[in-house]
Amino acid sequence: MNDTLSDQEQAQPILNVKGLSKRYGKGCSHCETPEMLMIDNNRCPHCGSVWACIDVDLELYKGEIIGIVGESGSGKSSFVKSLYFDDEITSGSATISEYKNGETNIFNESAQQKRYIRNYLLGMVYQNPLLGLKMSFSSGGNIAEKLIASGSLHVGNIRSRAGELLQHVEIPLSRMDELPKNFSGGMQQRVQISKALANNPPLLLLDEVTTGLDLSVQARVLDLIRKIQRELNVAMIVVSHDLGVIRMLADRTVVMRYGRVVERGLTDQILEDPQHPYTQQLVHSLL
């Protein structure tokens, strides 16, 4: 964790998630609670419903990066999408220290308040840029959309801010009015990052942002993420199946399997001395 953080900032997490559970499907008498399922499966054999997240707790501190790792279907992407209100949770709570003094469960808030949280306090970068960008808008227009949603209406200020953000993610101003569909995958991810940062949110959610990119492009995106964390002191949750990404970025790591957290700790500790058999399997597969 960043050594410059004050003791008070470190004492109170910027994000505190308690018991988050998310079920996809209507459920049945055999899967009303996740405890009714086998420990090594999160899909109901009777109705096909899936408990994507089961009683997940997480504390994230200002300026910290937490990595969430696990194989496909482990629940890691469902977790961050739930935090961003893309998916409605089944149960649980989450508080953000910069929202109502960290005393209000954000999942119980109105649709209007959830929009406020998305626009001001959270930034989201998806694995698929089609989810985070409108390809019919210019790169600057995508950023403008986020700024307008938060109440910015001055065209000059919006354009100036868009240019500043694009420069920050190393996209030339000459391409500000170009459509993202003309960009490479790596550039599209950088436009997404700039859009997510538009309103200086204290918390950034990154879902498999390097998947499908060439190694050299991956390296540039990862360097950019580290630069943003260092310069802006933004807290981040980084979801990845790639332990190399987690090793490079994360201060602490959470390991998920079948919707459950099976291990958590300092990233170096998790990767050098994994305790859970599943984590050991993941680490050894990297070697």
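Okay, here's what the table says:
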{"item": "Candidates K26, K62, K227, ranked by Gaussian network fluctuation over the chain, Cα under 10 Å, top entry", "result": "K26"}
{"item": "13 Å beta-carbon shell around T95, net charge (K/R +1, D/E -1)", "result": "-3"}
{"item": "Where the Cα pairs of the chain fall when distances are cut into 5 Å bins, in %", "result": "1, 6, 12, 16, 18, 17, 14, 9, 5, 2, 1, 0"}
{"item": "For region 69-119, convex hull of alpha carbons as volume per residue, Å³", "result": "95 Å³"}
{"item": "Förster radius 35 Å - calculated FRET efficiency between E164 and D86 (Cβ-Cβ, nearest 0.05)", "result": "0.80"}
{"item": "Long-range Cα-Cα pairs in region 177-233 (distance over 13 Å), rounded percent", "result": "62 percent"}
{"item": "C-alpha long axis of helix 277-286 to longest principal axis of the chain, angle in °", "result": "40 degrees"}
{"item": "Cα long-axis angle, helix 155-168 against the chain (0 to 90 degrees, to the nearest 10)", "result": "60 degrees"}
{"item": "Gained length - D268 relative to R115, 0.36 nm times residue gap less alpha-carbon distance", "result": "51.4 nm"}
{"item": "Close Lys-Lys pairs in the chain, where close means Cα under 15 Å and separation is 8 or more or interchain", "result": "9"}
{"item": "Choice from H241, H154, H276 with maximal GNM fluctuation in the chain (Cα, 10 Å cutoff)", "result": "H154"}
{"item": "Base-10 log of normalised Debye intensity for region 1-141 (one unit scatterer per alpha-carbon) at q = 0.11 Å⁻¹", "result": "-0.51"}
{"item": "Residue-wise HN-Hα coupling along region 28-41, computed from phi with Karplus coefficients 6.51, -1.76, 1.60 (Hz; x: Gly, Pro)", "result": "8, 5, 8, 9, 4, 10, x, 5, 6, 8, 5, 5, 9, 7"}
{"item": "Signed unit charges on C-beta, dipole axis of the chain, positive-most listed residue G92, V245, N108", "result": "N108"}
{"item": "Q12-M135 FRET efficiency (beta carbon distance; Förster radius 30 Å; 0.05 resolution)", "result": "0.15"}
{"item": "Region 163-185 and region 44-58: distance between their alpha carbon centers, rounded to Å", "result": "39 Å"}
{"item": "Nonlocal amide H pairs with I65, under 5 Å, H built at 1.01 Å", "result": "M236, D251, R252"}
{"item": "Sum of side-chain charges, L249 neighbourhood, beta-carbon under 13 Å (Lys, Arg +1; Asp, Glu -1)", "result": "-1"}
{"item": "For the chain, cysteines whose Cβ has no other cysteine Cβ within reach (under 4.7 Å)", "result": "C53"}
{"item": "Spin-label pair I148/S174, simplified geometry with 7 Å Cα→Cβ offset, distance in nm", "result": "2.8 nm"}
{"item": "Spin-label pair N101/I39, simplified geometry with 7 Å Cα→Cβ offset, distance in nm", "result": "4.2 nm"}
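Taken together, the values in this text are just the output of simple stated rules run on the coordinates, not laboratory data. Owing to the predicted nature of the structure, the values given are computational and were not obtained by experimental measurement. We place every Cβ from the backbone using ideal geometry, glycine too, and count neighbours over all the protein chains shown.
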